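The values are calculated or read from the model by the stated rules, or taken from the named source; none is laboratory data. On a predicted model such as this, the values are computed, not experimentally measured, just so you know. Cβ placement follows ideal geometry from the backbone for every residue including glycine, while neighbour counts extend to all protein chains displayed. Remember, those area values only see protein heavy atoms, side chains included, never the ligands or the DNA or RNA. Shrake-Rupley method; radii C 1.70, N 1.55, O 1.52, S 1.80 Å.
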Amino acid sequence: LKDNPSYYKIALSGIVMSPKINFDPPFLMLMPVPLDVKTETAINIIPQDYLRQSRIQVELPELELEDGDRIYPFSVQFPEGQDIVLSSDGTNKELICYISFRSSRPVSFLGNIFFIDEEEN
């Protein structure tokens, strides 16, 4: 190239892949239980297009009761960890999350539980 001052063009194209997570099942309905009895279910978190390790955090809702008291009846557990890991074949391993609910006071709830990665997606 140094002896030949010709210009060379290189055309590049690509697709931007934004990381995302899907859930199986896509929504959750916990069965009614007696007061102070725990109900629990497992969900699969399916990460896609993560190119580096990330950690999932969870924002659980605070519920306000009729008398103004506030409770946190939900809890989550990740038995195999909260890290999204890139496997050797370029895919992301699914995570298992157990979501449980327990309340000593009567309450019903329709809302969101937020799962957030390290980049606040």
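The packing ranking, built from the mean of other Cβ atoms within 10 Å per residue, places the peptides 33-46, 12-25 in the order 33-46, 12-25, highest first. Projected label points at N22 and Y72, each 7 Å from Cα along the beta carbon direction, are separated by 3.2 nanometres.
Short to long, the 5 Å bins of the Cα pair-distance histogram for the chain hold 2, 9, 16, 17, 13, 10, 8, 6, 5, 3, 2, 2, 2, 2, 1, 1, 0 percent of all pairs. Quick check: pseudo-label points 7 Å beyond the Cα along Cα→Cβ at V33 and S13, how many nm apart are they? Here the answer is 5.4 nm between the modelled labels. Mind checking which of L51, L30, L86 has the largest fluctuation in a GNM of the chain, springs on alpha carbons under 10 Å? Result: L30 has the largest fluctuation of those listed. For the range 6-33 and the range 86-113, compute the distance between their C-alpha centroids and round to whole Å. A separation of 19 Å, based on Cα centres. Taking 18 Å as the cut-off, the amide N atoms of the range 30-48 that come nearer than this to a point 7 Å along the Cα-to-beta-carbon line of V107 belong to 30-41. The accessible area of R105, taken with all protein chains in place and a 1.4 Å probe, comes to roughly 80 Å². When the Cα positions of S103, V85, M29 are compared along the charge dipole of the chain, V85 comes out farthest toward the positive end, with charges on each C-beta of Lys, Arg, Asp and Glu. A 1.4 Å probe run over the range 1-98, with the rest of the protein chains in place, finds 80 Å² accessible per residue.
Please go through the range 85-116 and write out the chymotrypsin sites (Phe, Trp or Tyr not before Pro) that DSSP classes as loop and that have at most 12 other C-beta atoms within 10 Å. Can you show the working numbers first?
On the way: sites: Y98, F101, F109, F114, F115; in loops: F109.
Loop-located and lightly packed - F109.
Relative to the Cα centre, the charge distribution of the chain, modelled as +1 at Lys and Arg Cβ and -1 at Asp and Glu Cβ, gives a dipole magnitude of about 440 debye.
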